[in-house]
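Read through the structure below, which is laid out as structure tokens, and then see the notes.
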Amino acid sequence: MAGGGGTRFWPLSRKARPKQFLNLTGKDILVNETIDRLSGCIAAEDIFIVTNVTQAELTLQETKGRIRRDHVLAEPAARNTAACIGYAAMEILKKYGDGIMCILPSDAYIQKVDVYREVIEKAVRTAEETDSLVTIGITPTFPSTGYGYIKRVAKEEAVWYPVEEFVEKPDMETAKEYLADGNYLWNSGMFIWKASTILKKFEELLPDIYECLVKIGDAMGTEQEKEVLNEVYPVIPKISVDYGIMERSDDVVVLEGDFGWNDVGSYDALEVLYAPDENGNLQYGDCSLIDTENCICYAKDKLIATIGLKDVIVVETEDAVLVCPKDRAQDVKKITEKLEKDGKTEYL
């Protein structure tokens, strides 16, 4: 899934070039890292990307031959993750008859790639053998208030566990309780299931969306495909697959993943990717810091110079500068909302 806007990474991330096209690790852009880490467990010719129609050509260009042109599925409108996943499932059903789908965000960071591949392979076998909706929960390493949680049914060590419930982002005290309990995992947004299984769930739980998907599927491979897609897709109800299907299903199982996952959801997550200096500062690009502690300074084109700062984020690009406290990193998206409201769309 590569259709997001990455608004929490403004001004680095823009509508024309959202987060999945950023090179935050110093190795490659995030979407290419996602594709490459699947090598050995998913054939390159079986990888699809669902993205926004305005980003389809950029996706083909930036992935540099990793993805077949007809495997980049372009959404004519953003309709949340249920529509995105249903569209891909219908495409797979039409192309292959059926198949195991691994739904993966395009912009996460994985530290232990070999362990990640092992978990993906176990999840695929679980989907084949149980016909369940399979998700991957991340072993929590601290009491996070920024992630949703999955409560698994407590039982002896196993490959997979039944899911008892999905839980929204908690407050700090609740997050500490989850960590101490041992049966709560971070919700990674990774899903594995048969294309036919998830489409049956759409038919059962989201019949309005399923009706739209059938119309699109019936047109696939015909001269009317694009016309029908452009007509039907924008009226698909907006809902996430979490709310629409996962939380309403009683046949969801979870595999635990301990492979150094981070969703790189905001600037403070960069501290996972880079080692801080002796003063706790993360520096990228040309920076000159005096009496500065625990700051994140990201310079693209110009020098960033600071004096006497503590716990602050400073990001410089060609046409914009962001300055905010580190504990407000999640609020960066509010800047994009204000720019939209103020008509300053050239900065979006």
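The values are calculated or read from the model by the stated rules, or taken from the named source; none is laboratory data. Quantities reported herein were computed from a predicted structural model and do not represent experimental measurements. Reconstructed Cβ throughout: ideal geometry from the backbone, glycine too, with neighbour counts over all protein chains shown.
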- Note on the structure: Checked THR130, THR141, THR174 against criteria (modelled with pLDDT of 95 or more and either under 23 Å from the mean Cα position of the chain (by Cα) or closer than 22 Å to ASP242 by Cβ (or both)); the one match is THR174
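Kindly state which strands (runs of 3 or more DSSP E) lie completely within the stretch 108-210 and contain at least 1 residues that are surrounded by 14 or more Cβ atoms within 10 Å (Cβ to Cβ) and among the aromatic types (Phe, Trp, Tyr).
Here the list reads 149-152, 161-167, 184-194.
Residue-by-condition table, conditions (1) within 29 Å of GLY189 (Cα to Cα); (2) at pLDDT 90 or above:
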| position | (1), (2) |
| --- | --- |
| VAL264 | yes, no |
| VAL272 | yes, no |
| GLU278 | no, yes |
| LEU282 | yes, yes |
| LYS302 | no, yes |
| ALA305 | no, yes |
| THR317 | no, yes |
- Query: Among the listed residues THR59, THR54, which satisfies the condition of being among the β-branched types (Val, Ile, Thr), assigned by TED's automatic domain parsing to the domain that holds LYS238 and more than 29 Å from VAL115 (Cα to Cα)?
  - Reply: THR54
- Task: Considering only residues that are hydroxyl-bearing (Ser, Thr, Tyr) and crowded, with 19+ Cβ neighbours inside 10 Å, look in the stretch 1-39 and name the one that is farthest from ARG328 (Cα to Cα).
- Result: THR34
- Query: Right, ILE42: buried (at least 18 other Cβ atoms within 10 Å of the Cβ), of a type in the set (A, V, I, L, M) and touching a strand residue (DSSP E or B) at 6+ places or on another chain (Cβ under 6 Å) or not?
  - Reply: no
- Every residue from the stretch 297-311 that is without any contact (Cβ under 8 Å) to a residue 40 or more places away in the chain, in a loop (DSSP other than H, G, I, E, B) and surrounded by fewer than 18 Cβ atoms within 10 Å (Cβ to Cβ): ASP301, LYS302, LEU303, GLY308, ASP311
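Could you check how many residues of the stretch 211-259 are polar (S, T, N, Q) and loosely packed, with under 14 Cβ neighbours inside 10 Å?
Residues that pass the stated criteria total 3.
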- Message: Pairs please, first residue from the stretch 312-329 and in the same structural domain as GLY285 (by TED's automatic domain parsing), second anywhere and surrounded by 17 or more Cβ atoms within 10 Å (Cβ to Cβ) and of a type in the set (Asp, Glu), Cβ atoms under 7 Å, 6+ apart in sequence or on different chains.
- Response: LYS326/ASP268; ALA329/ASP268
- Item | Residues within the stretch 275-296 that are touching a Ser or Thr at 6+ places or on another chain (Cβ under 9 Å) and surrounded by 15 or more Cβ atoms within 10 Å (Cβ to Cβ), tallied | 5
- Task: Please work out if ASP291 is outside the structural domain of LYS27 (by TED's automatic domain parsing) and within 21 Å of THR317 (Cα to Cα).
- Result: no
- Item | Those residues of the stretch 248-296 which are of a type in the set (Val, Ile, Thr), assigned to a loop (DSSP other than H, G, I, E, B) and farther than 30 Å from VAL115 by Cβ, in sequence order | THR292
- Message: So in the stretch 13-60, with the set limited to residues that are in a helix (DSSP H, G or I) and of a type in the set (Gly, Ala, Ser), which one is modelled with the highest pLDDT?
- Response: ALA56
